[in-house]
Amino acid sequence: MTMLTDIASIISSDNELDTDVKTSIARQAISPLRQSSEIQIAGADKVTRPVAVNFQRAFEQSLMNRINESTITQATVIIHTRKPTTPLCNPPGKSLTETLPPSMREDTGRRKTIEDRTITVRRMAKQPEIDLYVAYTHDGLNKRSPREQAIYRSEVNNPENSSLHDSEMTCKNMPDEIVGASYVMTTPQGHTLYFGNNGVQAVDGTGNTVWQYWLGGLEDTSVNKRYREVMEYLHKCGLDPKL
């Protein structure tokens with residue numbers, strides 16, 4: 001609940017974020033997650049992506065706030081996607097044309113979702129209390145453009161990114177229901193919290209999109225089910241993240 005309050009404050013104070021998007025995030029993500037550990041956001045990608053990804057970005061900012069305030073002591077973040085995560089394949093604060101489907105290239109709201117997370121993901125890569133795994137399918141990097149590959153490799157080789165783990169997996173395929181991210185957090189009292197999402201990468205963001213969120217302790221049935229589903233897939237594909 002503290003993180004949801006923090007997320008609401010981060011969203012509210014973002015002067016570059018459209019008022020309608022702020023309202024939608026509060027109505028479709030923050031309020032439902034106060035009532036349920038598992039929610040879904042569905043609709044046209046141009047409407048749902050700004051809601052879903054801006055919430056994820058605000059969550060990442062909140063996570064780092066919680067770490068700096070010592071209410072979270074350690075976190076393992078795993079971005080599990082078919083190709084290396086979009087934010088680290090783009091320059092800080094920018095989005096390359098080849099990252100986006102044609103329908104998104106003139107959409108400033110959806111481009112902003114990438115550009116903002118190029119900053120938060122890089123911050124996580126430098127945060128000592130976070131282990132950040134960029135997990136992607138076998139040969140997934142080669143499915144990025146040469147410019148995207150070069151940017152990603154430069155981040156992997158940047159000594160400042162001490163928390164970043166480049167994690168190409170053995171599996172060549174990733175089911176749609178796995179694509180997303182998982183955040184496993186430890187409190188000073190030793191409790192384990194989990195936030196997970198499921199959606200599609202920006203390059204696949206056409207037509208309608210369904211996003212799912214899970215947030216809560218591992219004792220929660222739906223949260224635990226999602227956690228186990230993701231971890232079983234990662235282990236099957238050769239990834240054994242530090243948890």
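The values are calculated or read from the model by the stated rules, or taken from the named source; none is laboratory data. Fair warning: this is a prediction, and the values are worked out from it, not measured in the lab. Cβ coordinates were reconstructed from backbone atoms using ideal geometry, including for glycine residues, and neighbour counts include every protein chain displayed. Ligands, DNA and RNA are stripped out before the accessible areas are found, and what is left, the full protein with its side chains, is counted by its heavy atoms. Shrake-Rupley method; radii C 1.70, N 1.55, O 1.52, S 1.80 Å.
Details
- The relative contact order of region 12-58 comes to 40 percent, based on Cα pairs under 8 Å that sit 6 or more residues apart.
- With protein chains left intact and a 1.4 Å probe, residues in region 1-92 average 39 Å² of accessible area per residue.
- Global form of the chain, assessed from the alpha-carbon gyration tensor, a/c cut-off 1.5: rounded
- For the residue pairs Lys46/Lys242; Lys22/Lys172; Lys94/Lys126, alpha carbon separations beyond 31 Å are given by Lys46/Lys242; Lys22/Lys172.
- Across the chain, Cα pairs under 8 Å and at least six residues apart give a relative contact order of 25 percent.
- Ligands, DNA and RNA left out, the accessible area of region 1-100 computed with a 1.4 Å probe is 47% carbon and sulfur.
- Accessible surface, region 135-243, averaged per residue in Å² (probe 1.4 Å): 50
- Protein accessible area in region 151-243, 1.4 Å probe - carbon and sulfur %: 47
- Electrostatic dipole magnitude of the chain [Cβ: Lys, Arg +1; Asp, Glu -1; Cα centre; debye, to 20]: 300
- Across region 26-42, rounded Karplus estimates of 3J(HN,Hα) from the backbone phi angles (6.51 cos²θ - 1.76 cosθ + 1.60, θ = phi - 60°) give 4, 7, 9, 10, 5, 4, x, 6, 6, 9, 9, 7, 9, 9, 9, 10, 9 Hz, Gly and Pro being marked x.
- DSSP bridge analysis restricted to the chain gives an antiparallel fraction near 70%, rounded to the nearest 5.
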